[in-house]
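Peer 1: This is the structure I have questions about; it appears just below.
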């Protein structure tokens, strides 16, 4: 069987909510920034790491695969600032053909202990403390051979990671956790298309 090209893309977004108290009035500000792997907004910064089992950086140009392959790809997020934050990631699938679907082509070994799925997102169950790196969201990608037939030959399968972070300090709701945190950005339809 011929080879396919598998491309992984990371898109990271950050939203921060700052609390300003002036005469018993609270105002919350959110901003969205975008970069490749490193995201900065105000004092919140993180890096999305994509590595292999050997600890090397995952190739930016992607890898060539055949159906049934299992690709080593570890995705984690590092807080590179002095402020803690909540974190969520979304996995978006694509293929360079509108007639073909990519989502069923991938099987991921999601870490369901540290990452909980809710309404399209995987939420990190704790707070990402300063200079901490999260456990891997997943570490392997299996190309499901029964789903990838000859119609995929020569196509590029894409697996995009979208990451959002929101400050955990001064988040306005008592008992806030990653699921109820204030300040998550509105989803933009073309986030994964950028």
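Peer 1: Under a point spin-label approximation (7 Å from Cα along Cα-to-Cβ), what is the residue 61-residue 82 distance to one decimal in nm?
Peer 2: Placing both labels 7 Å along Cα→Cβ, they lie 4.2 nm apart.
Peer 1: Multiplying the sequence separation of residue 147 and residue 54 by 0.36 nm and subtracting their Cα-Cα distance, what value in nm do you get?
Peer 2: The span from residue 147 to residue 54 would gain 30.7 nm if fully extended.
Peer 1: Follow-up. Starting from the Cα-Cα distance between residue 116 and residue 177, subtract it from 0.36 nm times their residue separation and give me the gain in nm to one decimal.
Peer 2: 20.7 nm
Peer 1: With r as the distance between the Cβ atoms of residue 170 and residue 140 and R0 = 45 Å, compute the FRET efficiency 1/(1 + (r/R0)^6) and round to 0.05.
Peer 2: 0.75
Peer 1: Of the peptides 53-61, 118-126, 74-82, 143-151, how do they stack up when ordered by the mean number of other Cβ atoms within 10 Å, highest first?
Peer 2: On the way: 53-61: 10.3, 118-126: 16.7, 74-82: 18.9, 143-151: 13.9.
Top of the packing list down: 74-82, 118-126, 143-151, 53-61.
Peer 1: What shape does segment 62-183 have by the C-alpha gyration tensor, where a ≥ b ≥ c are the square roots of the eigenvalues, rounded means a/c under 1.5, and otherwise prolate means a/b greater than b/c and oblate the rest?
Peer 2: Note, shape of segment 62-183 comes out prolate.
Only the coordinates and a few stated rules stand behind these numbers; no lab work does. On a predicted model such as this, the values are computed, not experimentally measured, just so you know. Every residue, glycine among them, receives a Cβ derived from its backbone with ideal geometry; neighbour counts consider all protein chains shown.
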